[in-house]
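Have a look at the structure below before the remarks.
Throughout, read-outs are computed from the coordinates displayed, never taken from laboratory work. Just so we're clear, the structure is a prediction, and the values are computed from it rather than from any experiment. Please note: Cβ atoms are built from the backbone with ideal geometry, for glycine as well, and neighbour counts cover all protein chains shown.
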């Protein structure tokens, strides 16, 4: 086990009430759970996302914290939040990283593995 480690899990959901497919707007919610699987308390400071649609259009999003929070997680603790993104096609993906600082000052990145944004019933 690493001293400095967070694990990330993701659930996605298509937001039909926020989408306008005829205008090329497909909205997806994603719920992220971040676990401190390391041995040192650490704070999530900022995030960076790359959002890609199926036409290879990309958006980059970066900023402080997540949904207005910069959670400090002790070993074994977790933080869950829900946010959303829009893409111009019914299928796309997201990936990124969190930038964190441990309570001893060590800085580290947490990769967010790529996950799919898929309109229900698009993949069989």
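Across segment 102-118, the number of residues qualifying as farther than 16 Å from residue 8 by Cα and buried (at least 17 other Cβ atoms within 10 Å of the Cβ) comes to 3. Only residues that are surrounded by 15 or more Cβ atoms within 10 Å (Cβ to Cβ) and more than 20 Å from residue 81 (Cβ to Cβ) were counted in segment 1-23, giving 2.
When residues in segment 78-92 are screened for being in a strand (DSSP E or B) and under 17 Å from residue 24 (Cβ atoms), 6 of them pass.
For segment 111-120, does any single residue satisfy the condition of being more than 20 Å from residue 2 (Cβ to Cβ) and more than 19 Å from the chain's Cα centre (by Cα)? Checked segment 111-120: at least one residue is more than 20 Å from residue 2 (Cβ to Cβ) and more than 19 Å from the chain's Cα centre (by Cα). Using the structure shown, decide if residue 88 is in contact (Cβ under 8 Å) with a residue 12 or more places away in the chain and in contact with a strand residue (DSSP E or B) (Cβ under 8 Å, 6 or more places away or on another chain). So residue 88 passes the test.
Scan segment 62-69 and give yes if some residue there is over 21 Å from residue 6 (Cβ atoms), crowded, with 17+ Cβ neighbours inside 10 Å and either touching a residue at least 24 places away in the same chain (Cβ under 8 Å) or within 14 Å of the chain's Cα centre (by Cα) (or both), otherwise no. Looking for residues that are over 21 Å from residue 6 (Cβ atoms), crowded, with 17+ Cβ neighbours inside 10 Å and either touching a residue at least 24 places away in the same chain (Cβ under 8 Å) or within 14 Å of the chain's Cα centre (by Cα) (or both), one finds none in segment 62-69, hence no. Condition check for residue 75 on (1) closer than 30 Å to residue 121 by Cβ; (2) assigned to a loop (DSSP other than H, G, I, E, B): one failure, at (1). Looking only at segment 80-92, residues that are over 11 Å from the mean Cα position of the chain (by Cα) and surrounded by fewer than 17 Cβ atoms within 10 Å (Cβ to Cβ) come to 2 in all.
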